Amino acid sequence: MTLPPSDHFNGKTFFNPGHASDRGMLDLLKWKLTSRAAPWPDRVEVAPQPLPPRPASDGIAATWVGQSTFVLQSSTTTILTDPVFSERAGPVSWLGPRRVDPPGVDFDAVSKVDLVLLSHDHYDHCDLPTLGRLARRDDPLVVAPLGHRSLLAGAGVRRIVELDWWISHACGPGAEVTLVPALHWSRRSPFETNLRLWGGFMLRAGARLVYFAGDSGYRDGLFADIGRRCGAPDLALIPIGAYAPRWFMRDAHMDPEEAVRCTWTSAPAGALRCTGAPFS
């Protein structure tokens with residue numbers, strides 16, 4: 001990739017400006033040796049549900065499929081976030097974490113997908129088999145952070161738009177997305193650390209504004225800046241998974257309390273800020 005250096009790209013790899021968050025192999029080893037996994041079921045049966053009716057006017061219908069996959073329906077557009085419909089999240093079909101419950105909505109129950117928002121390249125967010133199925137069936141536009149084009153093209157995705165932080169793209173009648181910063185990282189193999197950018201999305205569909213965070217840690221000022229630049233969303237999709245132990249996870253994943261702090265409220269002179277007061 002040939003890109004000019006910026007406040008989050010050094011000419012070779014991307015980084016979180018002002019925040020050293022990379023965990024090395026020693027940290028990983030410490031985590032594995034000192035942590036004990038909580039009990040987790042082998043399987044939870046979930047009956048897939050039909051999608052709700054498409055909104056008739058300027059609304060948004062949001063349906064959680066599982067992990068970070070949501071179906072967002074406006075009156076004219078169907079959008080998928082980080083679509084994962086595979087049984088495992090890994091480099092091959094038989095390797096990687098296996099999902100405990102099936103998708104809450106069957107793949108075939110999702111009508112023609114117009115737009116896919118892809119936050120970063122981790123296997124539990126960037127599932128190439130699912131993206132390939134979507135490409136063959138629907139040929140959607142896939143909007144992703146910088147550096148994902150060759151990865152997506154290899155899966156058969158034809159229509160790809162890469163964005164840098166704070167860059168917007170019109171995605172069809174009444175729909176526009178802006179890639180916004182997130183406190184995270186990227187890697188699909190040991191030799192690909194931070195070669196691709198990561199981020200969240202502000203999606204404007206009709207009269208509604210939806211924030212999809214992807215994966216992100218919490219940092220004072222990050223979400224306030226997003227709110228000031230993009231506005232207060234009508235709906236915020238903010239993850240809280242994989243947040244413990246905090247010494248290891250805080251630079252990449254929020255815990256529930258931090259997720260609640262990502263709340264935009266009106267401020268004087270029409271500005272917007274993110275509330276960050278601690279709570280009990």
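Overview of results
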quantity	calculated
Burial order of peptide ranges 186-194, 29-37 (average beta-carbon count within 10 Å, highest first)	186-194, 29-37
Positive dipole terminus of the chain, leading residue within 93, 223, 55 (C-beta point charges)	93
Packing rank of 199-212, 5-18, 44-57, 225-238, where each peptide gets the mean count of other beta carbons within 10 Å, highest leading	199-212, 225-238, 5-18, 44-57
Estimated Rh, the range 54-275: Kirkwood, alpha-carbon pairs, angstrom	17.7 Å
Shape of the range 1-134, Cα gyration tensor, a/c cut at 1.5	oblate
Per-selection Rg to Rh, the range 23-97 - Cα, Kirkwood hydrodynamic radius	1.14
Unit charges on C-beta of K, R, D, E only; dipole of the chain, Debye	320 debye
At most 15 other Cβ within 10 Å, DSSP loop - chymotrypsin sites (Phe, Trp or Tyr not before Pro), the range 75-170	94, 166
Percent of beta bridges antiparallel (DSSP, the range 54-275, rounded to nearest 5)	70 percent
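Each value in this text was obtained by applying a stated rule to the coordinates, not by laboratory testing. Given the structure is predicted, the values throughout are model-derived calculations rather than measurements. Neighbour counts are summed over all protein chains in view; Cβ atoms, including those assigned to glycine, are modelled from backbone coordinates with ideal geometry.
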